Structures are given as structure tokens and as C-alpha cells.
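The values are calculated or read from the model by the stated rules, or taken from the named source; none is laboratory data. Quantities reported herein were computed from a predicted structural model and do not represent experimental measurements. Glycine also receives a Cβ, built like all others from the backbone with ideal geometry; neighbour counts cover every protein chain displayed. To get the accessible areas, we keep the full protein, side chains included, count just its heavy atoms, and leave off ligands, DNA and RNA. Shrake-Rupley method; radii C 1.70, N 1.55, O 1.52, S 1.80 Å.
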Amino acid sequence: MSHTATETDPTPFDAEAYRVRYGVREYLRYVSNIESEQKAWTLNIVSKNRKLKSDNEKIGGLEAEVLVLKDRISVQGRQLEERDTLQTEANIAKQRLQNLEEATACCKYAVILVDGDGYNFPDHLIRQGLKGGQQAAQHLESRTQNYLKGVHDGTQLKIIVRIFMSLDNLSKVYRGIGVINDNNTMRQFMVGFVQTHGLFDVIDVGEGQERADHKLKGTYTAHKCVVAPVDGMTSARQAS
């Protein structure tokens, strides 16, 4: 016979009283129900524990992945910082190189040293005096720049010209062969030559053998020149 517990029923924990009051069969049924409920509860707890363990394992795995991702982010962050640093250093180095190239370009120049006592200027230019000297300087600069562009990858260099000569002796020579009638014509020629270009100079070394050669060698040593054929000067004379 089935029994429904009421407020007057003895406590479920008082097994003996329950058995006496409701009988052995009802007691056994009740105990069986309790055992079933405990078993179901135990299974439920076990299932929840398994799920909790599984969830904990998943959480642990996720936490490990988070740590790995954090490490990767940290590494990538350092790499980005290093890249930015390297890029900054590269930009600085590039700017320094550009500044150096610009500074070097400003300092590049070609020096033409001429033994005026041994080099013959075109006669018709010398006869023109001042104007002839200007034309001679223009021809020399133009021909020399063309030559230098060919040997320096198109780079345009500053040109410095130094002509060493004895003006009086050279004037006598040209007077003697009938090219000029007076010393002033030769002097005006040289004035026109040096006035045309800020870096063109004529140095009168005075009378005396090898004075021009001595000055030329001293200037050559000071500039540490590299000897090269000056086709520009020859071409300038031929073109004139």
C-alpha cells in the first residue's frame, strides 16, 4: 500500500519508526525510492563534475592560448618597436648620406694648371685683347666641362684654372712674331680671361727660367691632383 507523507509522519531518518508504522513493504519501497534518488543525485553530481572538469580543462587550454597570444603580441610589439627604430635609424643614415653627398658635391672641383710660357693661345684671340681673353676663357670652360662630364658620369664640377707665366716675356714673344704691337694687348687679353670666370686666374711669376714650372709644381702638390689629358684646352684652341 502506497503512503503519502504528511506533517505527522515520522522523520525519514527514523527508519525503525517508519517501518513499524507503515510496515516492512512500505519501508522497503521508501528505502528503494531514497536509494534511487541518491543514485540519480550521485549520477547528476558526477555528470556535473565531469562537465565542470571538462570546462576547467577548456578554460585552462584557453588560458594557455591567451598566454601564448600575449607572448606573440609582446614579441610582435618588440619587433614593431625594433622596426620603427631601424626605420628611424635608416632615415637618419639616409639623410646623413644625402647631406654628405651634397657637401661632397659642393667640394668637388677640377684644377687646370697651365704653363703659360709653353702654351700658345690662338693668335686671333690675343689680337682682340680683352674680348679675345673672354672668348678664350669661355671656350676653355665649355670644352673642359664636356670632358669632365664624360669621365664623371655627367657630374658638373667646378673648374679652377691657374695659368703661370711671365707676362713681359710672353708679350715680347708675341710682339716678336708680329701677333701684337704692344704689351698692353697681351695684358688686356689676360684681364679678359680672368674677368670671365671667378675661378680663373693668371699668375705673373716675373722673369727667370723655370719660374712658371716651379709655381705649377707647387700648386699641383697642394691640390694632390690626378693627371689627366686636358682635351678641353686643345679642343678650345682648335675650335677657336
### Message
Looking at the structure I just gave you, is V111 within 47 Å of the chain's Cα centre (by Cα) and not in a helix (DSSP H, G or I)?
### Response
yes
### Query
Hey, which of the helices (runs of 4 or more DSSP H) in the range 166-240, taking only ones fully inside, have at least 1 residues that are within 41 Å of the chain's Cα centre (by Cα) and modelled with pLDDT of 85 or more?
183-196
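Okay, residues lined up against (1) modelled with pLDDT under 85; (2) over 30 Å from L157 (Cβ atoms); (3) part of a helix (DSSP H, G or I):
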residue: H3; (1), (2), (3): yes, yes, no
residue: P10; (1), (2), (3): yes, yes, no
residue: A17; (1), (2), (3): yes, yes, yes
residue: R25; (1), (2), (3): yes, yes, yes
residue: L28; (1), (2), (3): yes, yes, yes
residue: R72; (1), (2), (3): no, yes, yes
residue: R78; (1), (2), (3): no, yes, yes
residue: R83; (1), (2), (3): no, yes, yes
residue: N99; (1), (2), (3): yes, no, yes
### Query
Given the residues A137, A110, which is the only one that is open to solvent by less than 60 Å² (accessible area, probe 1.4 Å), in contact (Cβ under 8 Å) with a residue 60 or more places away in the chain and of a type outside the set (D, E, K, R)?
A137
